[in-house]
Structures are given as C-alpha cells and as structure tokens.
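A.B. asks: Sharing a structure here in structure tokens format.
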Amino acid sequence: MNAPVVVEGLTKTYYDESRGEIRAVDGIHFTCNEGEVFGLLGANGAGKTTTLRMLSTILTPTSGFASLLGHDVVKDPQGVRKNLGFFSASTALYPRLTARETIEFFTRINQYPADLVKERVDTLVERFGISKYADVRVEKLSTGMKQKVSIARTVAHNPQILIFDEPTVGLDVLNALEVQETIKELRNEGKTIIFATHIMSEAERLCNRIAIIHGGRILTCDTLDGLRAATGQRYLEDIFVHFVKGQG
C-alpha cells in the first residue's frame, strides 16, 4: 500500500533577471506514513514553505510528482484539498468573525456534511479550549487564542493529512508547548503530519523522522536515532550543522 504522501523528484524553479534560474526546490524525494510526524527541518529560505505550497496545490511544480492519498497535486488538486488541512503562521484570520464563526465557515467551505456541522464546531470549540471566547471577534483575541482558532480551522473538515508550517512562530513558551501537544494528539489519532520548522527542539520532541532541507535539496532523512548514528552527534543542532556544512 502506498504511503499517504509520496514525493518524487519535486522541483520548483523561478527566473530572476539578475540571478537567472533559481531552483527553490531541487528534485526532492520523500514519503510520509500514517500516524507519523514527518519533520522538514531547515533554515529560512531552505525551500520548506515552497515544498509545502506545492503539496497543498497553492504552487504548481515545475517538474516531478507528488500525491496525497493517491491524488496527484497537479491532476487532481480538488482531491488533494479535500483530504488536507494546511496551517501556516503567516495565514491571517478574518478579524471581524468570531472564533465560532471562523471554525464554522471553514467546516462548511471544506464540504463537511451539512447536518453535522454544528456538532463538529461545538466539538472543536470544546476540544481546543475556545468555549469562553467562542463568540468573541478574532480581532479581540490574544495571540495564543488566535493560534487555537487557526488550528481548529485547519482540522475543521477532519482531514487525514495535515501540514504545519512554522506553527509556533511568535508564541510564548506555554502556548508553543500547547501547540506541540495538540500535534502529538493528532498523530495519535492516526493523522499523517508534515511539520516544517527551523526550531531544533521542536523537531526533536515531535518528529518520528526528520528530513534536513538546505538550498532546495534534502540532504538526509532518518529517525533522530538514525541521524545520531550516522553522524556521531547527539544534539540535532550539531547533526544539522554536520550535513549543512558538508555541502559547503
């Protein structure tokens, strides 16, 4: 049986008048399994976000192949979106909607069964501890509460595959830990999760496997124990430097 996420030779190039062709993502390969947090670890500009935007059908690949639950990202983007929840810290919420209205909107727009929408929204409001603020406009919410609403919105239609792109950016320690616990819970429910970060401690804590991406290429992919054995280094910071400096 194929993995829920399959990526083969995925490439994205741009043309810049001063620099010529830029390969933002350069022929990458990986798979993600059910019930796994797959870490995409790289510095800013490494190609993480471009990769995730191709997987979510926001960007069209220049070449290569990617599928989510058998749906080709180019040939069947609707099938991909139906089975995918995408969270990005840079995606804004509509400020004048309440928390509840936001979750309901995304539940409906992602075609969750109409007769089950109210029950689903109530469940998510309760699960993410939003009840006290459910009828408060988003513009009045704290950063941490907005993050909870964003995650609830991401999982509103109960997708099997989830993408988290730098989900703890701008959060304090307690709120960041709460986001990480939520991701663990989703993994334990059998979700397939792609988790992009440049924060080493998050990758160590959450990821079943870690791919290090640099300059648009995946330099290595393994479990943390496998990466330690391959490099002789214990800490992920040192492992990361080992592979990235080896490209210099």
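A.B. asks: Would you list the P(r) distribution for region 204-247, with all Cα-Cα distances sorted into 10 Å bins from 0 and each bin expressed as a whole %?
C.D. replies: Spelled out bin by bin, region 204-247 gives 29, 61, 9 percent.
A.B. asks: Can you give the FRET efficiency to the nearest 0.05 for residue 140 and residue 181, using r as the Cβ-Cβ distance and R₀ = 35 Å? Display every interim value, and only then the final one.
C.D. replies: Numbers: r = 25 Å, r/R0 = 0.72.
According to the calculation, E is roughly 0.90.
A.B. asks: Let me check I have the definition right: for the chain, take the eigenvalues of the Cα gyration tensor, multiply each by 5, take square roots. What are those semi-axes in whole Å, largest first?
C.D. replies: On the way: eigenvalues 190, 88, 61 Å².
Here the semi-axes work out to 31, 21, 17 Å.
A.B. asks: By how many degrees, between 0 and 90 and to the nearest 10, does the Cα long axis of helix 117-127 differ from the longest principal axis of the chain?
C.D. replies: On a 0 to 90 degree scale, this one is about 70.
A.B. asks: Kindly provide log₁₀ I(q)/I(0) values, in the same order as q = 0.14, 0.18, 0.26 Å⁻¹, from the Debye equation applied to equal alpha-carbon scatterers of region 94-156.
C.D. replies: With one equal scatterer per Cα and no solvent, log10 I(q)/I(0) is -0.32, -0.52, -1.07.
A.B. asks: Normalised radius of gyration for region 1-124, please: alpha carbon Rg relative to 2.2 N^0.38 Å, two decimal places. Walk me through the numbers before you get to the answer.
C.D. replies: Working: Rg = 17.1 Å, N = 124, 2.2 N^0.38 = 13.7 Å.
Ratio of Rg to 2.2 N^0.38 Å for region 1-124: 1.25.
A.B. asks: Take peptides 84-93, 135-144 and line them up by average Cβ neighbours within 10 Å, highest first, as a rough protection proxy. Please list the in-between numbers first.
C.D. replies: Values: 84-93: 17.0, 135-144: 14.1.
Descending mean neighbour count gives 84-93, 135-144.
A.B. asks: Using a Cα distance threshold of under 15 Å, what count of lysine pairs results for the chain when pairs must be 8 or more residues apart or interchain? Let's see the in-between values first.
C.D. replies: Working: 12/48; 82/191; 132/140; 132/146; 132/148; 140/148; 148/184.
So the count works out to 7.
Rule-based calculations on the coordinates, nothing more; no lab input. Worth saying up front: this structure is predicted, and the values here are computed from it rather than measured. Reconstructed Cβ throughout: ideal geometry from the backbone, glycine too, with neighbour counts over all protein chains shown.
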